[in-house]
Amino acid sequence: MDTQYKKVAVAAALKSGALIKRSVGKIKNISYKGRINLVTDVDKASEKLIIRTILKAFPDHSILSEESRPTQGASGYKWVIDPIDGTTNFARQFPFFCNSIGLEKDGQLVLGVVYDPMRDELFCAEKGKGAYLNGKRIHVTAITTMSDAFLTTGFAYGLNRIKDNVDNFKRFLMRALAVRRPGSAALDFCYVACGRFDGFWELYLHPWDCAAGVLMVTEAGGKVTKFDGSEYSHYDREVLASNGAIHKKMVKVLLTE
Ligand code: IPD
C-alpha cells in the first residue's frame, strides 16, 4: 500500500476538520433529507474540500460521498467519504462528530482515516499495517463477559427503522455494563478500535458511515460481521463490530427473539 494515499487522506481530513471546527455555532443553512435527517452548508463545504484534495492528487479515482452523486474514475480505487458523521450533533454543538474517509482498491478496504476535530484525534488504519490514534498503535479490549461490556449503538433515520433497533437496545441494556448512543457511527467504530468501547452494532448504516471505521476495528484486532456472525461488507445494512472476544455473545443477543 503506497503511503501517498494515506498522506492525501490525512491532509484532506485535517483541512476538513479545521473547517468543521471553526464552523461550530456558525451554520448558515440547514436542509432536510428526511424529517430528522439534516444536512448543513458545512457538510457540503467539507465534502467539496475533501473531494477536491483527493481528485487533485488522484484524478482517475472514483468517489462515493454522502452529499453528492458518485463519480466513476478509470482506476480500481474508490474513496468512500462522510464529510461530517454526526451531523445532528454538529448542528446542535454536541461535540461528538468527525469526518470519515475510506479507500477501496478493487472493492477491498485498504485505508481508513477518521478525524475528530474537537478532540484533535486522528484515527488511521492501513490494510495489514495496524490502526493508530495520533500516531500511536491502538488495540481492541480483551473483555470477554457481557456483564463487563461497554457497548455503543445508533438509530437510523425513520421511525420504523428506529423501532427495528429498540428491542436490541433493550436486550443489551439488560445484559451489558452499559450501552451508549453517542451519534456518530464512524467514531463508534474508532472507539471500539482503541478500546473505549467493547462492541458496536447498528442497522441501516451507509457505506460512508462505515468504510473507514470497519478497517479501523479489524486492523486493531477486532471483528466485524453481520448480526448473525457472517461475512460483512460496508455495503451491508447491518453491522456488528467488537473486540472479537465478545463477538459470539453479542451475536447470541442479536439473534434472540
Ligand atoms: C449518522 C450517524 C449516527 C447513526 C446514523 C448515521 P450522519 O450519520 O453516524 O450515529 O446512528 O445512522 O446516519 O447522518 O450524521 O452522517
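Summary of computed values
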read-out: Positions within region 241-253 being under 12 Å from Asn168 (Cβ atoms) and in contact with a helix residue (DSSP H, G or I) (Cβ under 6 Å, 6 or more places away or on another chain), in sequence order; value: Val253
read-out: Residue count for region 125-155, restricted to those that are of a type outside the set (Val, Ile, Thr) and closer than 19 Å to Phe96 by Cβ; value: 6
read-out: Exclusive hit being of a type in the set (Lys, Arg), surrounded by fewer than 18 Cβ atoms within 10 Å (Cβ to Cβ) and at pLDDT 95 or above, set Arg181, Arg161; value: Arg181
read-out: Unique residue being among the hydroxyl-bearing types (Ser, Thr, Tyr) and more than 15 Å from the ligand (Cβ to nearest atom) when the list is Tyr77, Tyr115; value: Tyr77
read-out: Subset of region 127-167 (residues that are in contact with a helix residue (DSSP H, G or I) (Cβ under 6 Å, 6 or more places away or on another chain) and farther than 16 Å from Asn243 by Cβ); value: Gly154, Phe155
read-out: Top-ranked residue of region 202-257 - restricted to ones that are closer than 22 Å to Asp82 by Cβ and among the basic types (Lys, Arg), ranked as surrounded by the most Cβ atoms within 10 Å (Cβ to Cβ); value: Lys226
read-out: All positions within region 93-109 that are assigned to a strand (DSSP E or B) and within 28 Å of Val39 (Cα to Cα); value: Cys98, Asn99, Ser100, Ile101, Gly102, Leu103, Glu104, Leu109
read-out: Sole exception among (1) surrounded by fewer than 19 Cβ atoms within 10 Å (Cβ to Cβ); (2) modelled with pLDDT of 95 or more for Ser31, by number; value: (2)
read-out: Residue in region 168-177 that is more than 16 Å from the ligand (Cβ to nearest atom), surrounded by 21 or more Cβ atoms within 10 Å (Cβ to Cβ) and on the phi < 0 side of the Ramachandran plot present; value: yes
read-out: Filtered residue count, region 230-248, keeping only those that are under 15 Å from the mean Cα position of the chain (by Cα) and either free of Cβ contacts under 8 Å to residues at least 40 places away in the same chain or in a helix (DSSP H, G or I) (or both); value: 7
read-out: Residue that is surrounded by the fewest Cβ atoms within 10 Å (Cβ to Cβ), among those in region 80-112 that are of a type in the set (D, E, K, R) and within 16 Å of the ligand (Cβ to nearest atom); value: Arg92
read-out: Candidate set: region 145-158, residues that are closer than 30 Å to Cys124 by Cβ and more than 10 Å from the ligand (Cβ to nearest atom); chosen: the one surrounded by the fewest Cβ atoms within 10 Å (Cβ to Cβ); value: Asp148
read-out: Residue selected from region 6-41 under the condition over 19 Å from the mean Cα position of the chain (by Cα) and of a type in the set (Lys, Arg), by the criterion nearest to the ligand (Cβ to nearest atom); value: Lys33
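The values are calculated or read from the model by the stated rules, or taken from the named source; none is laboratory data. Treat the numbers as computed from the prediction; the structure is a model and nothing was measured. For neighbour counting, all protein chains shown are included, and Cβ atoms are generated from backbone atoms with ideal geometry for every residue, glycine included.
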